[in-house]
Structure formats: C-alpha cells, structure tokens
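The values are calculated or read from the model by the stated rules, or taken from the named source; none is laboratory data. Predicted model, so just to flag it, every value in this text is computed and none were measured. Virtual Cβ from ideal backbone geometry, glycine too; neighbours counted across all protein chains shown.
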Amino acid sequence: EHDKSDEAKLEGKKYAYILDTPYRWEAWAAPKGKDGEQAGCGAWRRFKGIVLNSRRRHTTERSKNQNMKGSYMTRRAIQHVLITLLLFAVAPTAWAEGRKITLSIAEATKRLDLAEQLAEKSLVLYWADQIPSRNIEKDISTNTYSRGANAFLKSDLRAYTNAFEEILEALMQDAEQFGANAIIGIRSYHEELPDFSSETDYRCDVGGFRASVGFRVRFVRLAP
C-alpha cells in the first residue's frame, strides 16, 4: 500500500487506499506516539529487553545450580572416602575381637552335600583322632589351610557355610593333586590360637567383616 502510494505521488496522482485509516497497520498494530516514534517499536524493544534479562537471569541461576551440584557431589565423594577409611580402620579391631564358635561337622557336610562329592573322588576325611580303617601306605604331606568369607551384612550361618565350603574345596583339589585318598588328623587351625581338636565340631572365627575357617591336615594314601 505504501509503495503504491509513493508511486502515485511521483506520477502526480492520488492513490486510493483499500483500507480506511483506522484499519491500517500503522494505526492499530504500530501506532506512533507523541514523540513521533512508533509505539509498537518501543514496546518491542521493551519486550526484547525483558526476554534478554530473563535469559541472563536463568543462565546465572543455572550456573549457580551447577556449582551447587558440583559442591554437593564433592561433599558426597569425601563422605564415601571417609567411610571407606573408617571401615578399613575398624576392620582389624573387629577381626581381633571376633567370636570363636564351634559348629557341627556333620551338619555342615550335609548342608553342602559334601558326602556325595567325597564319594565320587574316593576321598575319606578323618577328623581329630579318628583312626583310618586301613593302614597308611604313604604319608604325603602336612599342610595348614585358612579361608575367609565376607561376613558383612550376612547371617552368621551363611558366612560360616561359605568359609567352610571354600576350604573343603581346596582340600579336595589338593588331595587329587597329591594322589591322596584320605585326609587325616583334621584340626581347626588359627595362627594365633592353639589348634582345636574335635571329631564332631570345627571352629569358626567370626569378626565384624570376615568369617574364617582354618584346618591343619595330613594327606595320606591308605592301603587298598
């Protein structure tokens, strides 16, 4: 409309607008103020300023939140390190002050179904002073074994069973390697305590974080 009006003025003609003055763009969408500027332009500038200020504020708040989050994560990491150091510091004390308890050999063997495994390997276990049913053909080796299982947040029974199972598996593997068909004189062993000798029970040392089982044994080959 403005371009056509300008062209008509250059040709000395009068241009007839399609829309009356009240309905034209500059009248309702961008009216001019008293200073001669279009009010809409001033409003746009103000609106643009509000948007830019809002973006700056959100950017500042986001940066602040990220800094706070970073500080929080750092504090959490420090807490985890301190807790870990505390556990390592307490562990030796918990071990030294552990409980020494005795458990049934028969129940542990039944619970782990070890009788079947021993039969498959043709291996016989003799506890404490039990006398083998056959003569000793060859005395192979006397060894000590100690195995531990994690007892932290576990029931006592589960911790004992895990430790007992680990050490019995080690005994069976070594017996097969040595060519032994019997393990005799099995006694509970701990490097800081006297051996515990029993034909029915074994000793388990339980601290705050570890359950330990130890045995002193003799590997032998019995005569046919």
Residues of the range 194-224 satisfying the condition of being assigned to a strand (DSSP E or B), touching a residue at least 40 places away in the same chain (Cβ under 8 Å) and either more than 16 Å from LEU103 (Cβ to Cβ) or among the basic types (Lys, Arg) (or both): ARG203, ARG210, ARG216, VAL217, ARG218, PHE219, VAL220, ARG221, LEU222
Inside the range 210-224, the number of residues satisfying the requirement of being surrounded by fewer than 18 Cβ atoms within 10 Å (Cβ to Cβ) and of a type outside the set (Lys, Arg) is 3
Identity of the residue in the range 169-193, of a type outside the set (A, V, I, L, M), farther than 18 Å from LYS138 by Cβ and in contact (Cβ under 8 Å) with a residue 24 or more places away in the chain, that ends up surrounded by the fewest Cβ atoms within 10 Å (Cβ to Cβ): GLU191
Return yes when GLY148 is at pLDDT below 85, in a strand (DSSP E or B) and farther than 18 Å from SER104 by Cβ and no when it is not. yes
When both residues are 6+ apart or on different chains and their Cβ atoms are under 8 Å apart, which pairs have a first residue that lies in the range 99-114 and is at negative phi and part of a helix (DSSP H, G or I), and a second that is surrounded by 13 or more Cβ atoms within 10 Å (Cβ to Cβ) and aromatic (Phe, Trp, Tyr)? ILE105/TRP127; ILE105/TYR202; ALA108/TYR160; ALA108/PHE164; ALA108/TYR202
Anything in the range 125-140 that is among the aliphatic types (A, V, I, L, M) and either under 21 Å from GLU169 (Cα atoms) or part of a loop (DSSP other than H, G, I, E, B) (or both)? List them, or say none. LEU125, ALA128, ILE131, ILE140
